Amino acid sequence: MNVRATSRPPLRSRLKPTLLLGLAALAAAPGCFSARASSGGGETTPPPVRSIRTSDIEVPNGYVVEVVATGLTFPTGVTFDDAGQVYVTEAGYSYGEVFTTPRLLRIDPGGRATVVATGKNPPWTGVAWADGAFIVSEGGVTEGGRILRITPGGQTQTLVAGLPSFGDHHTNGPVVGPDGLIYFGQGTATNSGIVGEDNHKFGWLKRHPEFHDVPCKDVTMTGAALTTPNPLTKGEDDKATTGAFVPFGTQTQKGQVIPGKVPCSGAVMRVPARGGTLHLVAWGFRNPFGLAFSPDGKLYVTDNGYDERGSRPVWGNADHLWAVTPGTWYGWPDFADGRPVAQDRYAPPGGQTPPALLETLPNPPPQPLALFAVHSSSNGIDISRDPSFGFVGDAFVAQFGDQAPDVGKVLHPVGFKVVRVDLKTGVIRDFAVNRGKDNGPASRLKSGGLERPISVRFDRAGKSLYVVDFGVMLMDEKGAKPKQGTGALFRITRAAAAG
């Protein structure tokens, strides 16, 4: 496992392997808690219209950044048809309970966007091209998650329905495997297994009070349950006690078995490109957002770590990169960073140690290939395969950036860039970052650089890396404040290849 520093020396030194002094490593340092006062990225109000300057984005020598499209609203994914034409999904939803219309857009030369299809069940979280059509992951905050097949003419077919996506995290992906099947991720309903007040703040507990996490296989409970104020009632003194994998206000007993089923929460699943039986690939993830296959056919998954919020907050947990072995459980909700969370290092300052929820483990969970910075929201991933771009076999990961203070306080803004991971060693290096001595989104730095990279994808030839930038999303004590029309699509090319 390897992680890297979030300090900001010049890029020529930042491209060297460095050790991340993440919040987890600071947990035992005396006096460090008083320094955790920053509200993280985006607390500075940006100008009404986003001004983009590629010169404000620093990349390694020999690489060029270009703007492909601007004015997008909550873009989440990019793909290419057989002719190499560029397409982008717009989510139709953002944290902060902002609803728009999910759209699939064709991006023509010059950045002009043409609508191919629209939806009514946001968010659309990603897109792939398979067997002559688009495959779209539909998060489904209103009707449940689905995997859609959309023809170039805009006709829509549902390949998978009923995915458990009403909660904190949605249906993610998709990506086409070497077997021609569609692989996608399904995030968890909750932060760490127990429905709580934070889910009411996010909006979904009020809409779906019976919703909760669903295990992929039978799990036996310890009976741990936590008591919090009840946000669903009006009484000031009303309390609710809730266990894991059950609705809010429901308790579990020691030794109780919660039946597993597919589809389920915190999992990677797959389905044929034209529809058919849904199969479980692996589970025990928290939010498996990005999926990519290496040239040798290995599946890699980015996974967002726990937040310091809710009934069972977990402090100082990194984001992960997993090399996936089918059939394996990866540790959620009882492991973090390859370690049990039921230990003092994961207790919030002044709070209690997270209790174990599972009486028996499905299997000893594996170790992550790499650990990203705490709260970096390491999301979309793709792997270089063409020598003309370089770094063949390395993974590129879009880091959306922290959502402090909702996820927990941070020492300084974390993420807001694209990083490169050596899959042989797990070492992480910056690849595309905003210039300057400080880290953060362009709106905070008052620059024209990156805001919140959410996805990356190489074009069909593998010569250019496209970066989807979700746009401006401010954070304060009341939650997320996204700005419509501030999303963008960038292209990064090696200068020799561009010439």
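Mean residue ellipticity, 222 nm, helices only, the chain: the sum of -39500 (n - 2.57) across DSSP H runs of n ≥ 4, divided by residue count and rounded to 500, is -1000 deg cm²/dmol.
Short-range pairs are left out: with C-alpha atoms under 8 Å and at least six residues apart, the relative contact order of the chain is 20 percent.
Diffusion coefficient of segment 328-370 by Stokes-Einstein, Kirkwood radius over Cα pairs, 20 °C, 1.002 mPa s: 193 µm²/s. Quick one: net charge of P231's neighbours, Cβ under 14 Å, K/R +1, D/E -1? Around P231, the charge tally is +1. Annotation: amide H of L423 within the under-5 Å range of A395, sequence separation 5 or more or interchain, hydrogens built in the peptide plane. Basic side chains Lys and Arg get +1 at the Cβ, acidic Asp and Glu get -1 at the Cβ, and with that the dipole of the chain about its Cα centre reaches some 940 debye. I'd like to know which of V64, H412, P102 lies farthest towards the positive end of the charge dipole of the chain, counting +1 on Cβ of Lys and Arg and -1 on Cβ of Asp and Glu. Projecting each Cα onto the dipole axis, the largest value belongs to V64.
Residue ranges 199-206, 136-143, 466-473 sort as 466-473, 136-143, 199-206 when ordered by packing (mean number of other C-beta atoms within 10 Å per residue, highest first). The local environment of G305, defined by Cβ-Cβ distances under 9 Å, has a net charge of -3 under the rule Lys, Arg +1 and Asp, Glu -1.
Ignoring lysines fewer than eight residues from K217 along the same chain, the ones with Cα atoms less than 23 angstrom from its Cα are K254, K261.
Whole-Å semi-axes of segment 44-184's equivalent ellipsoid, largest first, each the root of 5 times a Cα gyration tensor eigenvalue? Show your work: numbers first, answer last.
On the way: eigenvalues 136, 81, 42 Å².
Equivalent-ellipsoid dimensions as semi-axes: 26, 20, 15 Å.
With 28 Å as the limit, the listed pairs K120/K446; K120/K239; K446/K481 have K120/K446; K120/K239 beyond it between alpha carbons. Here the relative contact order of segment 394-442, from alpha carbon pairs under 8 Å that lie six or more residues apart, stands at 37 percent.
For segment 402-499, the set of trypsin sites (Lys or Arg not before Pro) satisfying both a DSSP loop assignment and a count of at most 10 other C-beta atoms within 10 Å is given as K424, K437, K478. Based on the reciprocal of the average 1/r between different C-alpha atoms, the Kirkwood radius for segment 237-369 equals 16.4 Å. Each 5 Å bin from zero holds the following percent of Cα-Cα pairs in segment 353-497: 2, 9, 17, 19, 17, 14, 10, 7, 4, 2, 0, 0. Dividing the mean sequence gap of close Cα pairs (under 8 Å, 6+ apart) by how many residues segment 365-456 holds gives a relative contact order of 28 percent.
Rounded if a/c is under 1.5, else prolate if a/b beats b/c, else oblate: with a ≥ b ≥ c from the C-alpha gyration tensor eigenvalues square-rooted, which is segment 139-184?
It comes out oblate by the Cα gyration axes.
Note that the chain presents 36 Å² accessible area per residue, ligands and nucleic acids not counted, probe 1.4 Å. Evaluated at q = 0.25 Å⁻¹, a Debye calculation over the C-alpha positions of segment 389-445 (equal weights, vacuum) places log10 I(q)/I(0) at -1.01. For segment 219-293, the calculated P(r), taken from all Cα-Cα distances in 10 Å bins from zero up to the bin holding the longest distance, is 16, 32, 28, 19, 6, 0 percent.
The packing ranking, built from the mean of other Cβ atoms within 10 Å per residue, places the peptides 53-62, 178-187 in the order 178-187, 53-62, highest first.
Straight-line reach from K234: which lysines have a Cα under 20 Å away, not including same-chain ones fewer than 8 places off? In chain and number order, the partners are K201, K206.
With all projection directions averaged, the alpha carbon convex hull of segment 419-499 covers 7.8 nm². Overall, the accessible surface of the chain at a probe of 1.4 angstrom is composed of carbon and sulfur to the extent of 51 percent.
Over the Cα atoms of segment 111-265, the radius of gyration divided by the Kirkwood radius equals 1.07; this is the Rg/Rh ratio. Restricting the calculation to alpha carbons of the chain gives Rg and Dmax of 21.0, 68 angstrom.
For segment 82-127, the equivalent ellipsoid derived from the alpha-carbon gyration tensor has semi-axes of 22, 10, 9 Å in decreasing order. Straight Cα distances below 18 angstrom link K424 to the aspartates and glutamates D296, D382, D386, D394, with same-chain residues fewer than 8 positions distant left out.
The values are calculated or read from the model by the stated rules, or taken from the named source; none is laboratory data. Being a predicted model, the structure only gives us computed values, none of them experimental. Heads up, the Cβs are rebuilt from the backbone with ideal geometry, glycines too, and the neighbour counts pull from every protein chain shown. Ligands, DNA and RNA are excluded from the accessible area calculation, which covers all protein heavy atoms including side chains. Shrake-Rupley method; radii C 1.70, N 1.55, O 1.52, S 1.80 Å.
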